[in-house]
Amino acid sequence: MFDRVPIADAWRAAGEARLRDFGPVTALAVTAWWLIESGAFAYLFTRFNARLTWRDARALRGLTYLATPINWNLGTAAIVLHLRRSKGIGAVQSTSTMLFYGQIDLLVLATLALAGAEAMPASPAIASIERAAAIADGFAIAMFALQMTSRPRWTWLARVREAGMFSTHRQAIVRDLVVLAAVRACYFGGFVLYFWLGTRAFHAGVPLRLALAATPIILVVSSLPITPAGLGTQQAAMLYMFAPYGSDAAILAFALSYPVALILARLPLGLLFVRDLAALRASQRRA
C-alpha cells in the first residue's frame, strides 16, 4: 500500500479530514450497531438455545468487542465461550446458532452487493461483482432450502441435516429467517452509510450506490483470518473499489483511520461490562 501511496501523503490527507464530522458519525454508528446486533442476539439465542434478555445480549456483544480488534472470528469464538459459561449452552449448540446467523449474513451481504451493482453503470468490474453476488446469493438460498427442509430425501443429505452443527437450521422457520435478515440488513445498511459519509469526511466523494455495491466486499475481505482487524486487506479493497472517486492518499487515510476509530469507539462499550464478566467468574468459582 505504501509503495502505491507514500506514508507522508496519507498522513497529510488524514490531517485535512473533517474530524468534527467523522467523529460523531463514528460514535453514532457504533452505538446503533451495538444496539441492533444485541437485539438480534437476544432473539437468536432465546429462540434456539436459552433465554437471553436484551440487557444480557448488550453485555455479551459489548464484552466481545474486546476480542474483535484481534479478529472478528475470535469475537465469535468468545460469544460461544461466554454462552457456555453464563447460560450453560453447549459449544456445538451455540456454534450451530452462530453458523445459521453467519449464513444469513452471507445472504444479506450478497443481496446488498447485487442491488448496488445493479444500480451502477455497466463495466467489467461491476459485471464481476454482479456475477459473484448472484452466485453467493444462490448458494445461500440453496443451503437454507437444503438444511431447513426434508427434501431431497437422499440418505447422505439426511445424515448431514442430523448433525449437531445444523441443529438450529432444523428448528428454524421462514419467519426466523425473515426477521433476522431484516435486522442484519439494517446492520449492514449502517456500514453502507458509514462508508459513504466517512469517505466524504476525508474528501473522497464516493457515490452512495457504489458504497452499496462495495461495502459487502470490503466487510467480507476484512473478516478473513489473515491479519489482525483485517489490517491491509480491507485497505487494499477500498483502494481498488473507491479509486476513481478520490485521491489514493485520501482513500487510504480513511481506510486506515476507520478501523482505529471503531476500536476506540467500541472499547468503552466493552469496558462497561467487564464488571459483569468478573461477577460471572466469581459465581462460577463459588459454585
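Which numbered condition in (1) closer than 28 Å to ALA211 by Cβ; (2) open to solvent by 50 Å² or more (accessible area, probe 1.4 Å); (3) in contact with a helix residue (DSSP H, G or I) (Cβ under 7 Å, 6 or more places away or on another chain) is the only one that PRO121 fails?
(3)
Only one residue in ALA181, ALA158, ALA119, ALA134 is of a type outside the set (Asp, Glu) and touching a Lys or Arg at 6+ places or on another chain (Cβ under 6 Å), so which one is that?
That would be ALA119, the only listed residue that is of a type outside the set (Asp, Glu) and touching a Lys or Arg at 6+ places or on another chain (Cβ under 6 Å).
Please list, ordered by first then second residue, the pairs with beta carbon atoms under 9 Å, 6 or more apart or interchain, first in the stretch 40-61 and of a type in the set (S, T, N, Q), second not in a helix (DSSP H, G or I).
Within 9 Å, the pairs are THR46/LEU52; THR46/THR53; ASN49/ILE89; ASN49/GLY90.
Which of the residues that make up the stretch 136-156 are open to solvent by 50 Å² or more (accessible area, probe 1.4 Å) and part of a loop (DSSP other than H, G, I, E, B)?
THR149, SER150, ARG151, ARG153, TRP154
Answer with yes or no whether GLY62 is under 17 Å from the mean Cα position of the chain (by Cα) and not β-branched (Val, Ile, Thr).
yes
Would a scan of the stretch 246-267 turn up a residue that is open to solvent by 30 Å² or more (accessible area, probe 1.4 Å), free of Cβ contacts under 8 Å to residues at least 60 places away in the same chain and closer than 21 Å to ALA119 by Cβ?
no
The values are calculated or read from the model by the stated rules, or taken from the named source; none is laboratory data. Please read all numbers here as calculations on a predicted model, not as lab measurements. Virtual Cβ from ideal backbone geometry, glycine too; neighbours counted across all protein chains shown. Ligands, DNA and RNA are excluded from the accessible area calculation, which covers all protein heavy atoms including side chains. Shrake-Rupley method; radii C 1.70, N 1.55, O 1.52, S 1.80 Å.
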